[in-house]
Each structure stands twice: as structure tokens, then as C-alpha cells.
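See below for the structure under consideration.
The values are calculated or read from the model by the stated rules, or taken from the named source; none is laboratory data. Just so it is clear, the structure is predicted and the values come from calculations on it, not from any experiment. With ideal geometry, Cβ positions are generated from the backbone for all residues, glycine too; neighbour counts draw on all protein chains shown.
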Amino acid sequence: MRLNYNMPALIINMIQNQALDRQSGDLNRISSGCKINSAADNPTGLVQSENINIQVKSLETVTRNVQDGVSMLQSAEGGLNEITSMVQRIRQLTVQAGDGSNNPGDKQLIQGEIDEMLNGINETAQNTEFNGFKLLGQNQTISMTIGTNAGDNVNIPQIDLSNGANSVISDLYKIKTGGGKDILSGGNDSALNAIDSTLDKILSLRSKYGAFENRFTSSYDNMQELNEKMTDANSSIRDSDMAEEIMNYSKESIVIQASTAMIAQANKLPQDVLQIIQNFRK
């Protein structure tokens, strides 16, 4: 007589443990929503997913940069629009002052309005700001990152239009009373030359800002589209197929329940044999 291991029960127990391991993985993927929860799940897929995720996060940051850039350009454009209107009004007044029928009192009134317009231009230039940057009150360059790679920068010029020593339109402020080119000194032609030169500079700057704004808007749209595609690609690599995982979980549950019943049956067989032997001895 020999004693042997209950091999059927051991085999069924091994099958049950394997099913429990698979079911645990299915439950983990269902609860997390991800089919890659550790490097062991899919080493290659993890690397691909993390690289894509880095690009997605970078695109989101750059998108915010571009939005800030557009807002800044719009702020500058608003200030330039007001300054343009005031310079045009100054030109109109200067031409009006050239009417020979104006008496000294009329010219004094015209010059007074010109002085107020110039004060308004200076105040607008000084007060046109974005996050602390004086967009029209200093000569500098703002570097804006609009891409995810090194060197993807755009330099946005700032131009000083205020009544200061570094102003690029300093000649315009000379048509103010006592400036040497005011209409009271009989300098209509000099005043008009200064005004026209100023308008050329302002319109050129507005054109540059408009081009930058169009470029930023186009970049924003492209990055939004790229971000969506990258997110979809990352989802296909990392996200779980919930229907498939639930189906697998249910399948493993059936295997576990069946193996439990089979283990009970396999354990009963030796007991039956033992019972036969006991009866035989009697």
C-alpha cells in the first residue's frame, strides 16, 4: 500500500491561484482605468506613454504662453489704436492752424488742444501695461516661447512712445508749446513732418503686432490639434478597455468558482477510498 499526493487537487489549486492572479490584474486595471500601472505591465508601452505625456504637458504649457502672448499683443494694440487716433487729431489741428484766417487767439486754442492730445499720448504710452511690462513706455524686447523645443522663441519689440529721453517719437513732443516746432512759432511744416514720421512708426509697429498676433493664433490652433492627437495616442497605449477587462474578470470568476468545486470533489475521492478500506477491514 502506498500513500500518494492528491495530484488532481494540487493541479486544480494551481489553476485556481493562476486565475486569482489574473483576476487581481483585471480588477486593478478596472479600478485604475489604466492597463499600464507599472513598468512590469508593459515596459515598452510605459516608455512610449511617458514620452507622449511629457510632450502633452509641454504643449499645454506652451499653449498658455501663446494665449498670454496674444493677450499682451491685444493690450498693446489697444494702446496703439488710441495713440493713433490722438496723433491723427493732432494732424487735423495742425492743418487747421495753417488757415491764414485764424487769429492769434484761434491758434492759441488750437495749440492748447494739441498740448492736451500730447499729454494724452504720453499717459497712454506710460499706462499701457501687461503684467508689469510697460509695452509702449520703454525700448526693450520680450522673448516669448511658442514651441516645445529649444530655440522656439519669438522676440516681441517694445517701443517707447512716451515723452522721455529714449522716446522714438521725441520729435512729436516738440510740437508742444515751447518745444520749438509748435504752431505758435509758425512751424506748421515742421510739425506736419514730425506728425507724419510718428504715424509711420506707429503704424509700422501696429503692423508688426498684428502679424505676431496672427502667428500666435495660428500656433495656438496647431498646438490644440496636436495636443488632441497626442492625447488620443497616449490613451490608446495606456487606457484600459473596460468592456474587455470586465469580461475577463467575469471569466476568471467562473474559473475560480469551478475550481473551488473541483477541489472539494478531488479532496472527497481519497476519503471515499479510505472509507472502502475501512469497510474491508471490518
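Residues being not polar (S, T, N, Q) and not in a helix (DSSP H, G or I): count how many of those fall in the range 91-116.
First, the residues of the range 91-116 that are not polar (S, T, N, Q): 91, 93, 95, 97-100, 104-107, 109-110, 112-116.
Then keep just the ones that are not in a helix (DSSP H, G or I); that gives 98-100.
Residues in the range 91-116 being not polar (S, T, N, Q) and not in a helix (DSSP H, G or I): 3 in total.
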Being surrounded by fewer than 19 Cβ atoms within 10 Å (Cβ to Cβ), under 23 Å from ASP196 (Cβ atoms) and charged (D, E, K, R) is the requirement here; does ASP99 meet it?
yes
Within the range 180-193, identify whether any single residue is modelled with pLDDT of 90 or more and of a type outside the set (Gly, Ala, Ser), and answer yes or no.
yes
Here are SER207, SER197, SER218: which of them is surrounded by fewer than 20 Cβ atoms within 10 Å (Cβ to Cβ), among the small types (Gly, Ala, Ser) and touching a residue at least 24 places away in the same chain (Cβ under 8 Å)?
SER197
Quick check, is THR141 hydroxyl-bearing (Ser, Thr, Tyr), crowded, with 17+ Cβ neighbours inside 10 Å, without any contact (Cβ under 8 Å) to a residue 60 or more places away in the chain and not in a loop (DSSP other than H, G, I, E, B)?
no
What number of residues within the range 84-124 satisfy the criterion of being in contact with a Lys or Arg (Cβ under 8 Å, 6 or more places away or on another chain) and farther than 18 Å from LYS181 by Cα?
1
Of the listed residues (GLU252, GLU228, GLU245), the one being surrounded by 11 or more Cβ atoms within 10 Å (Cβ to Cβ), within 59 Å of the chain's Cα centre (by Cα), part of a helix (DSSP H, G or I) and modelled with pLDDT under 75 is GLU245
What tally of residues in the range 37-79 results from selecting those that are touching a residue at least 60 places away in the same chain (Cβ under 8 Å) and of a type in the set (Val, Ile, Thr)?
6
